[in-house]
Amino acid sequence: MLLSKFEIFLYGFVAFFYISIVNAQDTISHNGIVGLVYKDIAYKSADNLSPYEVERCKLDVYLPVNHRKSIPVLIFFHGGGLVSGDKEEGWTDWSNNFGYEFLKRGVAIVSVNYRLSGLKAKWPDYLNDAAAAVVWVSKNIKNYGGNPNAIFVSGYSAGGYITHMLSVDPQWYQGIGFSDRAICGYIPMSGQTREHANLAIDLGIDKSELSTTYKNVMPLGNIKKAKTPIFIITGGDEGQTIVDNETYYKLLKAAGSDIIFYVEPGKDHIKMRDSLGNSVSVAREKVIEFINRYKKN
């Protein structure tokens, strides 16, 4: 017996719903905000992965339960100086409000782990991992209810550095045959643009040489017109980080980039991070405004 179009649609919907429930690892809630999370999804699947890649190259998908159609997506890379940190940042440590407030506003978050600098990984392993994670999201997020044409990339501190690098240097995507046209915006938070001590250790040089000898490894060595809107955030008491990000902002602006620079008053590097999880956060609100401004339906 042939099925009607409605029956085919109904069976397909039921199957999709059933698969979603089976695969959903957990239901989460905080302050009355409810979401779903899919945990520890591998975003690399090649046969030649090292054990450390298999361990670290995983992500979590957090979804709002009341916005199931074309959800904009924020990919978030954790901080930790490129030598520590975890994708739980913003969910189980400094404050749950960071992630849950995005879910409340109908924005999905993909929290990403990447290889850390040390004996098992060096520059540019973490950048290659980050690019691979973005590609995975672009290709797969529709299966979770996210909009593959409304993806934003963000991160704090070391994650901000990674976000900076992905936003202006196409080599990280080109090496894996990906065009980032689906990316609607980049939001680096308190990211390093001029030098990074642990990155310099990776290269075996003094960090001052990052601005001269090895320009391609830092954002300030990659000045060009950005193809995608960028929203840079730093805390008002972050010292050299503000100076370097403002310099970077002015140079990208002069090159014709669509770019915004915001300084959160009275916040040093750690307080900047913590304030993103406050029950009221101006910086977080501005990020959500940026997403709503540039997202595609």
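Brief remarks follow.
- Rounded to whole Hz, the Karplus (6.51, -1.76, 1.60) HN-Hα couplings of region 137-154, x for glycine and proline: 4, 4, 8, 10, 5, 4, 5, 9, x, x, 8, x, 9, 9, 9, 10, 10, 8
- For the chain, the residue among Gln240, Val83, Leu166 whose Cα projects farthest onto the positive side of the dipole built from Cβ charges is Leu166.
- Note, ³J(HN,Hα) from phi for region 115-120, Karplus 6.51, -1.76, 1.60, rounded to Hz, x at Gly and Pro: 4, 9, 5, x, 5, 9
- Listed residues Pro72, Ala42, Ile28: farthest to the positive end of the dipole of the chain (Cβ charges): Pro72
- From phi via Karplus (6.51, -1.76, 1.60), per-residue ³J(HN,Hα) for region 74-80 in Hz, x at Gly/Pro: 10, 7, 10, 9, 5, x, x
- Distance from region 209-278 to region 122-194 (C-alpha centre basis), Å: 16
- If the chain linking Lys253 and Tyr214 were pulled fully straight, counting 0.36 nm for each residue of separation and taking away their Cα-Cα distance, it would gain 11.7 nm.
- Degrees between helix 240-254 axis and first principal axis of the chain (Cα, 0 to 90, nearest 10): 80
- Here, region 222-289 is characterised by an Rg to Rh ratio of 1.01, where Rg is the alpha-carbon radius of gyration and Rh the Kirkwood radius.
- Accessible surface for the chain, divided over its residues, is 45 Å² per residue with a 1.4 Å probe.
- Within straight-line reach of Lys139, meaning a Cα separation under 12 Å, sit the following aspartates and glutamates at least 8 residues removed in sequence or on another chain: Asp180.
- Cβ-placed point charges (K, R +1; D, E -1), dipole of region 29-172 about Cα centre in debye, nearest 20: 440
- Carbon and sulfur %, accessible surface of region 217-267 computed with the full protein complex present, 1.4 Å: 54
- Crossing angle, helix 158-168 versus the chain [Cα axis fit, 0-90 degrees, rounded to tens]: 90
- Unit Cα scatterers, Debye sum, the chain: log10 I(q)/I(0) for q = 0.10, 0.14 Å⁻¹: -0.52, -1.01
- For Ile183, residues with placed amide H under 5 Å, excluding near neighbours: none
- Only Lys, Arg, Asp and Glu carry charge here, each on its Cβ (+1 for the first two, -1 for the last two); on that basis region 126-276 has a dipole of about 600 debye about its Cα centre.
- The alpha carbon convex hull volume per residue for region 155-268 rounds to 98 Å³.
- For region 69-207, the spread of Cα positions along each principal axis, largest first, Å: 49, 36, 25
- Charging the Cβ of each Asp and Glu at -1 and of each Lys and Arg at +1, and nothing else, the dipole of the chain about its Cα centre rounds to 1060 debye.
- For region 162-228: relative contact order, % (alpha-carbon pairs under 8 angstrom, 6 or more apart): 39
- For the chain: relative contact order, % (alpha-carbon pairs under 8 angstrom, 6 or more apart): 16
- Accessible surface of region 68-184 [probe 1.4 Å, protein heavy atoms]: carbon and sulfur percent: 47
The values are calculated or read from the model by the stated rules, or taken from the named source; none is laboratory data. This is a predicted model, so every value here is computed, not measured. With ideal geometry, Cβ positions are generated from the backbone for all residues, glycine too; neighbour counts draw on all protein chains shown. Note: accessible area is taken over every heavy atom of the protein model, side chains too, but ligands, DNA and RNA are not part of it. Shrake-Rupley method; radii C 1.70, N 1.55, O 1.52, S 1.80 Å.
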